[in-house]
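Trainee: Encoded as structure tokens, here's the structure I'll be asking about.
The values are calculated or read from the model by the stated rules, or taken from the named source; none is laboratory data. If you're wondering where the values come from, they're calculated on a predicted model, not measured in any experiment. Cβ atoms come from the backbone with ideal geometry, glycine included; neighbour counts cover every protein chain shown.
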């Protein structure tokens, strides 16, 4: 099932048809009919992932021979490619939509477990300068409230990565799934409980879109830019949802990058532009050194050198390992200030906010960005 | 771990920029007045034949006003002040070429407490003991109202990274930025066809160390470049481990290890404070 060959499409209509064919026949399933699964009866739904690219590589040379072999093939549509991948001797094919140079879309019905491994491999391959998207909880919530969308559930996933005792991560864990239209109300009730107030970070939002009886789609949208078809069969609604989420994300990245710090030169004058971003927490940092050591780690894709201004104020000269861009941070016990220089990638700000929401305090926010 | 103490002038430049940064948690105070343009070290010729060069000029279209700021960590030079007093609105307009604006202006000194002189009759913003205290009056009344009473900064976090260092700052502060810049440069594989020494003549590299680099005068650039080069040669290039790591980084898909980070801290911990004097880096 994983190795099915994708059609070499020659028009957008054919491309949409090919994607339609990757959606499992759920409506028949509800009536007890055929459901597409792999040999272990795991469902092979259509999944779309958006990834952020700063890559300046020529894609025709995009060929990797390592633990994964990858080759890029053209279709008869200029911006639609097919990634041919061999992993553990199993061949896979994935559609790669390069309509947007910055935000690439991958479409496939490969099992999530395998697709995640392939994606992570590419994202960790530094030459490519790729990254996940990072949707803060409020952005997932707002997507679920957008016109034409209905919230039908969500998933909370929180694990405290900033505990002193690394053997006891599970003490700071909270994971659960809520289904149905009242899910957000249920979460609002939980937010009143002091024990949970810092750990209600959304990892998935279940969104239904389209005519709810006949033609619709129900996707799980993940916080790192995955759109997994769970129900329904409308490829148009799936793609509309993906496009909406992409536009929302691109707008936020643009907002961040408009505020990057640097000089402009006009009329024989140098002007200073940009501003820092204050990321605030409700939870206080108890151990600043521990916090910094966890922050400068592979989880956040950051490297840096810290300097102590005084007990409660640290300065960090950091490097974003996604692009190699340098940037600066200041940290006090409930605030992280980010200085992003001109030319650097804005994705790092959302990566910081989202990882802090899921691993430190789900109330992490940036007022300037409306997050 | 590196303990850091910025030079008072570096601090004051950061405070002056921060005045209209828009961050409620920082020292920002002028958000409501919409000072959106911050012009850096621009020379203004006065009709009386003097030149003045404020550190920062802020422009507010909303208030039709220009705020000229001089940061003073040392003593305030009264000659300099009298030169500023010769400046007229016409001098300002012809120098700044602000489209369709005929702004009023205030000149203001931003200082730390020990530099304040009672003889100066220009507005002075004094940063001390977690507060801003104003001496003398601004001509623009909304500005005067903001600073009418002392402003408590005890719950605020100063912004210290807009202007990361100056030539007066400690070796550790400058070298931390140099190491950060080198890592970035190597990660981006910019050095593939470049020798290490030529990096320090590359304006793009030097701009990654200091966002204001391109606004500095040639003399200022020369001083700072020389200081940076000396620090790198003396404390980093002489350390063979670091060079090996940097070359590996440049060669391909190599990850930064904790051992490398420890090596960086070791260099920073052992570097003497300001071993290089101003004379050293000029020669």
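Trainee: Anything in the range A:290-307 that is touching a strand residue (DSSP E or B) at 6+ places or on another chain (Cβ under 6 Å) and in contact (Cβ under 8 Å) with a residue 12 or more places away in the chain? List them, or say none.
Mentor: Initial filter on the range A:290-307 (touching a strand residue (DSSP E or B) at 6+ places or on another chain (Cβ under 6 Å)): A:292, A:296, A:302-307.
Across the range A:290-307, the qualifying residues are A:292, A:296, A:302, A:303, A:304, A:305, A:306.
Trainee: Related question: Is one or more of the residues making up the range A:178-186 assigned to a strand (DSSP E or B), out of contact with any helix residue (DSSP H, G or I) (no Cβ under 9 Å at 6 or more places or on another chain) and closer than 25 Å to residue A:134 by Cβ?
Mentor: Within the range A:178-186, one or more residues are assigned to a strand (DSSP E or B), out of contact with any helix residue (DSSP H, G or I) (no Cβ under 9 Å at 6 or more places or on another chain) and closer than 25 Å to residue A:134 by Cβ.
Trainee: Looking only at the range A:150-164, decide whether some residue is within 22 Å of residue A:295 (Cα to Cα) and loosely packed, with under 14 Cβ neighbours inside 10 Å. Lay out the reasoning, then the answer.
Mentor: Quick first cut of the range A:150-164, residues within 22 Å of residue A:295 (Cα to Cα) only: A:156-164.
From what's left, loosely packed, with under 14 Cβ neighbours inside 10 Å: A:164.
Yes, the range A:150-164 has at least one match.
Trainee: Checking residue A:365 against (1) within 9 Å of chain B (Cβ to nearest Cβ); (2) at pLDDT 95 or above; (3) more than 23 Å from residue B:183 (Cβ to Cβ): exactly one of these is not met. Which one?
Mentor: Looking at each condition in turn, residue A:365 falls short on (1).
Trainee: Looking at the range B:95-119 only, could you name the residues that are farther than 28 Å from residue A:270 by Cα and in contact with a strand residue (DSSP E or B) (Cβ under 7 Å, 6 or more places away or on another chain)?
Mentor: First, pick out the residues of the range B:95-119 that are farther than 28 Å from residue A:270 by Cα: B:113-119.
The answer is B:113, B:115, B:116.
Trainee: Still on this structure, please answer the following. Taking the range B:220-238 as the region of interest, how many residues are under 21 Å from residue B:55 (Cβ atoms) and at pLDDT below 90?
Mentor: Within the range B:220-238, the subset under 21 Å from residue B:55 (Cβ atoms) is B:220-225, B:227.
Right, trim to at pLDDT below 90 and you get none.
Of the residues in that region, 0 qualify.
Trainee: Between A:335, A:305, A:329, which is within 9 Å of another protein chain (Cβ to nearest Cβ) and under 16 Å from residue A:284 (Cα atoms)?
Mentor: Details: A:305 fails: under 16 Å from residue A:284 (Cα atoms); A:329 fails: under 16 Å from residue A:284 (Cα atoms).
Of the residues listed, the single one that is within 9 Å of another protein chain (Cβ to nearest Cβ) and under 16 Å from residue A:284 (Cα atoms) is A:335.
Trainee: Got a number for residues in the range B:137-189 being under 16 Å from residue A:326 (Cβ atoms), assigned to a helix (DSSP H, G or I) and either within 23 Å of the chain's Cα centre (by Cα) or within 7 Å of chain A (Cβ to nearest Cβ) (or both)?
Mentor: Result for the range B:137-189: 14.
Trainee: Give all pairs with beta carbons closer than 8 Å in which a residue from the range A:137-151 that is in a helix (DSSP H, G or I) meets a residue that is surrounded by fewer than 19 Cβ atoms within 10 Å (Cβ to Cβ); count only pairs at least 6 apart in sequence or on separate chains.
Mentor: Listed pairs, sorted by first residue: A:138/A:370; A:139/A:248; A:141/A:184; A:142/A:248; A:143/A:244; A:143/A:248; A:144/A:150; A:144/A:184.
Trainee: Which pairs have Cβ atoms under 7 Å, sit 6 or more apart or on different chains, and link a residue in the range B:206-223 that is more than 10 Å from every other protein chain (Cβ to nearest Cβ) to one that is assigned to a helix (DSSP H, G or I) and buried (at least 17 other Cβ atoms within 10 Å of the Cβ)?
Mentor: So the pair list comes out as B:206/B:213; B:206/B:225; B:223/B:281.
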